[in-house]
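The next block holds one structure in the form of structure tokens; read it before the comments.
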Protein chains: 4
Amino acid sequence: MKAMQLTAFGADNLVIADVATPSLKANEVLVNIKAVSLNYLDLILLNGTFNGDLVFPYIPASDGAGVVTAVGADVSRWKPGDKVVIQYVQNWTHGSIDAAGNAVRVAWQTPGVLSEYTAVPEHGLVKMPANLSFEEAATLPIAALTAWYGLIEQAGLRPGQTVLTQGTGGVSLFALQIAKAAGAKVIATTSSEAKAAQLKALGADAVINYNQYPAWHEQVKALNGGEGVDITMDVVGSATIGESLLSVKENGFVGTAGFIAGPELPLDIHRHRINLNFIRIQGLAVGSVSAFAAMNRAIEVNDIHPVIDSVYPLEQTREAYLRLASGKHVGKIVITLS
Amino acid sequence: MKAMQLTAFGADNLVIADVATPSLKANEVLVNIKAVSLNYLDLILLNGTFNGDLVFPYIPASDGAGVVTAVGADVSRWKPGDKVVIQYVQNWTHGSIDAAGNAVRVAWQTPGVLSEYTAVPEHGLVKMPANLSFEEAATLPIAALTAWYGLIEQAGLRPGQTVLTQGTGGVSLFALQIAKAAGAKVIATTSSEAKAAQLKALGADAVINYNQYPAWHEQVKALNGGEGVDITMDVVGSATIGESLLSVKENGFVGTAGFIAGPELPLDIHRHRINLNFIRIQGLAVGSVSAFAAMNRAIEVNDIHPVIDSVYPLEQTREAYLRLASGKHVGKIVITLS
Amino acid sequence: MKAMQLTAFGADNLVIADVATPSLKANEVLVNIKAVSLNYLDLILLNGTFNGDLVFPYIPASDGAGVVTAVGADVSRWKPGDKVVIQYVQNWTHGSIDAAGNAVRVAWQTPGVLSEYTAVPEHGLVKMPANLSFEEAATLPIAALTAWYGLIEQAGLRPGQTVLTQGTGGVSLFALQIAKAAGAKVIATTSSEAKAAQLKALGADAVINYNQYPAWHEQVKALNGGEGVDITMDVVGSATIGESLLSVKENGFVGTAGFIAGPELPLDIHRHRINLNFIRIQGLAVGSVSAFAAMNRAIEVNDIHPVIDSVYPLEQTREAYLRLASGKHVGKIVITLS
Amino acid sequence: MKAMQLTAFGADNLVIADVATPSLKANEVLVNIKAVSLNYLDLILLNGTFNGDLVFPYIPASDGAGVVTAVGADVSRWKPGDKVVIQYVQNWTHGSIDAAGNAVRVAWQTPGVLSEYTAVPEHGLVKMPANLSFEEAATLPIAALTAWYGLIEQAGLRPGQTVLTQGTGGVSLFALQIAKAAGAKVIATTSSEAKAAQLKALGADAVINYNQYPAWHEQVKALNGGEGVDITMDVVGSATIGESLLSVKENGFVGTAGFIAGPELPLDIHRHRINLNFIRIQGLAVGSVSAFAAMNRAIEVNDIHPVIDSVYPLEQTREAYLRLASGKHVGKIVITLS
């Protein structure tokens, strides 16, 4: 089968190779991958800035959607023809994560999905939402599930609460769409009028241009009746975490779901009112298989369609990575396999 | 001031009297009531079937909205001119209910609100939603808050889950509207095509005519991909609780929020799969002040407007009760005070 | 291998047979069963009063502990020599139960464990608590896990709350022991002074002889500072559920974990204050694998030892059932396999 | 009445003054203070390092216990003779904190309690645990309630989980005692063999001398079967937060309850595995009135007695502060008023 391989760090080292189709264990399912989406994690893996010990050749990418083509002898949940999406943290099936559930991540402890076929245990898949294309479904495993798990399962978002989202990356746009579907008010930050218009078109109740408001937590409160928001999802890290903390109200929830500006979080108990306001800072990254299935039902019931920035064929995988690196994208970058 | 008084059991014993305007304690607020709504509870109190020890003359009705006209010496939260709605369980301010919080209900341990003025402690009020009229706001204290507290705070409703509502009474219509605002799928039962059309106009994804399906739990499952719903709010009691229990899935939530057909619940652990499916049967009735305020934010953010069946002037209070007794109403019955 | 078989309904139809040792699938584990405990469920299955369609010959019993002797090709969590306990609801691994998790129960959809060997999927086992013998560990899967899941995971028991337990059966004694380990106050009901002494020796703070107090909810409140308890576990069903409901306070939790007196629950919304007091009636029966493992850690940390009424060799299985049927037991009845 | 007053920053500026006994509003209660305990907060207020805008003369201290001597006209919950403890965050009565609940803290927005009498609203008190002396009860409002609210209400501690406590200050010792009462395993850190012996006497299952193990998270895991603990309460801040984060398992809870070494928390998403392990960092500081009452029931049921380091008469308040500043104390420092 065809597979994309990274032979050394850097986008110039992406090559299409012909490799053996995976053989199946008794509890595994073979999936013909139709579409893949990229995440910031893929970029820092490619660049060598996240895991310097990557073993080459390496098949990249965690987010994939496709069709089941074969099942192992003991598989009961899937049959050929089923449209499916891959679960990123393979063994985290239900409930809260534990060490066993956290042990296997796609494209980390297993090969990535940027290949014609991939083999996964039958518990490491979910049914594709009926209202989505493969390209759309491929955007869900990391970005959408992180937004869902943070907002719905960890923060317990309720209708009428206010959610603050940051920018136009994948997690933030899914957070916006999910929060609106859940009946929340959404305030979004961004850096340009063009992006502000896109955010409003997606349902944002208010948008803040953070270039105009360096201390944007004040503007957040001004737009929220004078008090902080209930929930925010920080995706930038070092550069924003302080403003994120100051943007939430008593008992507020600050999900830390990204680190584009760096992983250091320079917090201060007093200045950020961590104790005084009983703030919760919650490490976030995807969710369980059960949460994924629940999210997909919400996607169907509310007919949510992921925002796709651009779609590239497998042969232009390098261009897809460069688009991601540019920071100019709004929404998800997808690669299709014929 | 003018006040409606019940002088003996029965709708014919409703008379408008001239009584002293309440004097204020230091922590109390005087509210000029503009609109009141009726609940099934008011009907059985009027008829004497619920509390035979009622002391006459009795000012009826629990649900009211109006304007603050005066405040006691120690009141800090309200000022004259504030538009407010009365909290039914006066001392239940936050969190889960306890004995102290449960001690005082409007029109039970205190006079009702069907009068020009009523005095309530400053903690026993909420701000009226900005998008509602007094008539609309007067429908909220019992019916809407019961639906909200059950769905959102007790059942923990999440987007994509399925809610089953029963009929076209106040609690059920609010449950439908709140569930849709929260991103859920809603299946509703009713008895006529006309009402079915109204339910669909309010957002119901599917409607079941229970006259056509006596064992309607089967139809519920057929409309929900073969499995039970996540949550239902039983408002009928004796006649429906069995079907309600059979309509939910594993770990399902059956709120018991009414008893129009009688208060006896003839359950069977095996036949209703109570233990086998880990079903939760939850007594429901309104919520805390804090929950009321949270609901009002959701009403504003999602611009929810209560369904009003009919509006009567104070002088036609008897007709309002008779309309409620007829069972022909869809939504809430309101009485206005000039 | 040797296995106990029921060839027709009734204790006289229990025979020891020589049957083939189970063969292993890739993800299965072979367990050499050392001890088994009986539950009320086993008795009604034996008598034919619960499931008239039982297929004979039938290997009975769900609760077993033993030693792993072989593992399938894909098994990674267990190795020969591991001491283990069998999970009753085999596929319910984490989180809340769903339909897939609820599909397979030991000795119902699979053969029972009253045999020398049994084969179970690697996810359907837990490590045996280090402080227990096989006989003790064999008592855990149904009775202890029902008490644990109800008290800790569903009711969310906190130190200082009051738990009411009923009688001296397995679930109730485990509820008593777990509640005391969790820092709760425990009030227990029973029918004799001898059993009262045993309950006090196990840590009960107060004991009520229900023969002396037919309306024992009044005595419960008298022993609890005048208010209802936070949590009770009803194990009797028809005869006690009314008193159970009247024994809890506002927002109280009534777990329905048994039906010795019959499965009908004749509830009344008013008389039992279901809505007025926001009571939760929760169907209970065991828990997930993850909950089982968590319980076992609590058993180790607090050195809890199950109360064993009596131990029978395999050859006296009939006598063990008769002891259970007598209702004279205090704690669990165990059968050992050499 | 006699009251301690701080006339300028520094322990040398504590003087006993004769001031007017507070007059009562309609909803207030007058409490004759019998004992007061000091917190780290009192020390930094005294030194001027926390709030430079303190208005002098200032009556210090938040933690007090005493006897009700008079009640306002509208007070219904208390009567003269009731033994009570003062709630620190006066208006936070139930549920999660909000802005209104967070507005008034004793000795911050109101006079402190180091005086013969103090007036508080009737909702700002709890009944004193029956098993405690005034000296013991005076230790509860900040240190004990912070430990309780963090462990029980925010982290949801369950029997069998492992809690890591740090040192021998008030919060940490209460966390140890509460965790043991709740059936948890406790690992404690300290700096000397003498303190280690005291910790073990209080029930600690294991003690780590952090001077011997600078990277003590490794030793924590070694003592916990190779995995991180479920919950830790960080009370030191800058110097320990990194080790605290590395000491917890997947989905672990790190309460930040103190800042003795400074309020800066230099976190790193990767190095501290915040996202990878879904860690929750939770700002902590006391709890609601309802939580306080629940804690007091747990204190009574489990007969928990606070660890008191030393007791000073009012005239030696300066010495009490100096003892706190020395860092040599184990447990709480109490001041008594005759």
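The values are calculated or read from the model by the stated rules, or taken from the named source; none is laboratory data. Bear in mind that the values here come from a model prediction, so they are computed numbers and not experimental data. Cβ: placed from backbone, ideal geometry, glycine included. Neighbour counts: every protein chain shown.
What the table shows:
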read-out	value
Failed condition for B:GLU227, given (1) touching a helix residue (DSSP H, G or I) at 6+ places or on another chain (Cβ under 7 Å); (2) surrounded by fewer than 21 Cβ atoms within 10 Å (Cβ to Cβ); (3) within 13 Å of chain C (Cβ to nearest Cβ); (4) touching a residue at least 60 places away in the same chain (Cβ under 8 Å)	(4)
Top-ranked residue of the range A:47-84 - restricted to ones that are over 23 Å from A:ALA137 (Cβ atoms) and among the hydrophobic types (A, V, I, L, M, F, W, C), ranked as farthest from the chain's Cα centre (by Cα)	A:ALA73
C:LYS185 surrounded by 24 or more Cβ atoms within 10 Å (Cβ to Cβ) and among the charged types (D, E, K, R)	yes
So A:ASN296, is it more than 21 Å from the chain's Cα centre (by Cα) and either modelled with pLDDT of 95 or more or not assigned by TED's automatic domain parsing to the domain that holds A:TRP92 (or both)	no
All positions within the range D:244-272 that are more than 8 Å from chain A (Cβ to nearest Cβ) and buried (at least 24 other Cβ atoms within 10 Å of the Cβ)	D:SER244, D:LEU245, D:SER247, D:VAL248, D:GLY252, D:PHE253, D:VAL254, D:GLY255, D:GLY258, D:HIS272
Counted residues, the range B:85-110 - those being in a strand (DSSP E or B) and surrounded by fewer than 24 Cβ atoms within 10 Å (Cβ to Cβ)	1
Residues being surrounded by fewer than 18 Cβ atoms within 10 Å (Cβ to Cβ), aromatic (Phe, Trp, Tyr) and in contact (Cβ under 8 Å) with a residue 24 or more places away in the chain - total across the range B:40-83	1
Members of the range A:255-272 that are assigned to a loop (DSSP other than H, G, I, E, B), touching a strand residue (DSSP E or B) at 6+ places or on another chain (Cβ under 7 Å) and of a type in the set (A, V, I, L, M)	A:ALA257, A:ILE269
Subset of the range A:185-200 [of a type in the set (A, V, I, L, M, F, W, C) and part of a loop (DSSP other than H, G, I, E, B)]	none
Number of positions in the range A:209-240 that are aliphatic (A, V, I, L, M), touching a strand residue (DSSP E or B) at 6+ places or on another chain (Cβ under 8 Å) and in a helix (DSSP H, G or I)	1
Residue that is modelled with pLDDT of 95 or more and closer than 30 Å to A:ASP309 by Cα, where the choices are A:ASN13, A:ASN27	A:ASN13
C:ALA175 being in the same structural domain as C:THR240 (by TED's automatic domain parsing), surrounded by 24 or more Cβ atoms within 10 Å (Cβ to Cβ) and under 21 Å from D:ILE152 (Cβ atoms)	yes
The range D:1-27, residues that are free of Cβ contacts under 8 Å to residues at least 60 places away in the same chain, crowded, with 16+ Cβ neighbours inside 10 Å and in a strand (DSSP E or B)	D:GLN5, D:LEU6
A:THR165 vs. criteria without any contact (Cβ under 8 Å) to a residue 24 or more places away in the chain, within 23 Å of the chain's Cα centre (by Cα) and not assigned by TED's automatic domain parsing to the domain that holds A:ARG323	no
Answer residue from the range B:97-112, given it is within 7 Å of another protein chain (Cβ to nearest Cβ) and under 18 Å from the mean Cα position of the chain (by Cα) and is nearest to B:ALA3 (Cα to Cα) among those	B:ASN102
Criterion: over 21 Å from D:ALA285 (Cα atoms), within 12 Å of another protein chain (Cβ to nearest Cβ) and among the basic types (Lys, Arg) - qualifying residue of D:LYS195, D:LYS180, D:LYS221	D:LYS221
